[in-house]
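Everything below concerns the one structure shown next.
The values are calculated or read from the model by the stated rules, or taken from the named source; none is laboratory data. Quick caveat: nothing in here was measured; it's all calculated off a predicted structure. Positions of Cβ are generated from backbone atoms using ideal geometry, with glycine treated the same way; all protein chains shown enter the neighbour counts.
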Amino acid sequence: MELRHLRYFVAVAEELNFTRAAERLHIAQPPLSRQIQQLEEEVGVLLFERGSRPLKLTEAGRFFHAHARQLLAQTAELASMTQRVGQIERRMSVGFVASTLYGMLPKVIRRFRAEYPMVDLTMHEMTTMDQIQALKDGRIDVGFGRIRYEDPNVRRILLRDERLIVALPSGHALLDGRTTVSLRDLVGDTLIIYPRAPRPSYADQVLALFHDRALEPSKIYEARELQIALGLVAAGEGVSVVPRSVAGLRREDVCYMELDDPQLVSPIIFSTRLLDESEDIQAMLALTYRLYDEQKIPYYAPS
């Protein structure tokens, strides 16, 4: 059994169509069918129900698919780690969600560049879900995200929980003489959430906060990203629940208010490939904790 057999099988298992899988793999369909037959002969069981339309995996095929994907991800991880070890010039790619730019991340990156000038550091804005896939594909080495998502090939470290606040258009009635608001106060407004896709995302975190309290916003608007959400707030289209660090983005037509519940938080999560223990990644994690200490920002101490 070779890696190409696993790649071919996974493509067919995900497309459930030999023609589409062949197009995805850029090979002809007959050779693909022969490779799958060879694989089935080698493992000694049928992996697909040939007579079904559309194509279906057998029970053994579903088991094989789950483990084949893990093996391919681990192979990509091994290749990426080996390449990095062998590089004379050290490189590290960091994925981040946009809202982390308003917190400590810029300080972390600036300090890291100053202390480790030999590392070629690149930044890539992407959602947490995109970060998970990019880590497994070897396109990034570290992710700063906000979604608690389990993946057997990704190590997830909860750095801290950030308090949430609400962004309101200037002149909003809730700004009249109040210092805090509750989620219940917001249900009469259009709730602007972001990002629209991919899901699950920070948008689902915010909706869950309402649902956990048996609250339902009267209207929901899904914006593509944070800046658009704030622009819609400025235009008076609604309100948006955002991380507290976003308040550093000052604009005259948007006001920020504290939420009255300290349990309304969003996690900041540091993610890497499960087996990646490179010195540069460990240095960035340690530097992040050090900057939290310097700024007297509470965080979850490493175990």
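Looking at region 1-73, the helices (runs of 4 or more DSSP H) lying wholly inside it that each contain 2 or more residues that are modelled with pLDDT of 85 or more and over 30 Å from Arg139 (Cα atoms) sit at 29-43.
Is it the case, given these coordinates, that Leu249 is under 30 Å from Arg178 (Cα atoms) and in contact (Cβ under 8 Å) with a residue 40 or more places away in the chain? Against the criterion (under 30 Å from Arg178 (Cα atoms) and in contact (Cβ under 8 Å) with a residue 40 or more places away in the chain), Leu249 qualifies.
A single member of Val119, Val142 is in contact with a strand residue (DSSP E or B) (Cβ under 6 Å, 6 or more places away or on another chain), modelled with pLDDT under 95, assigned by TED's automatic domain parsing to the domain that holds Ile220 and within 26 Å of Asp280 (Cβ to Cβ), and it is Val119. Quick check on region 232-242. Is at least one of its residues under 11 Å from Leu183 (Cβ atoms) and surrounded by 15 or more Cβ atoms within 10 Å (Cβ to Cβ)? Yes, that holds for at least one residue. Candidates are the residues of region 122-167 that are of a type in the set (Ser, Thr, Tyr) and surrounded by 18 or more Cβ atoms within 10 Å (Cβ to Cβ); the one that is nearest to Glu225 (Cα to Cα) is Thr127.
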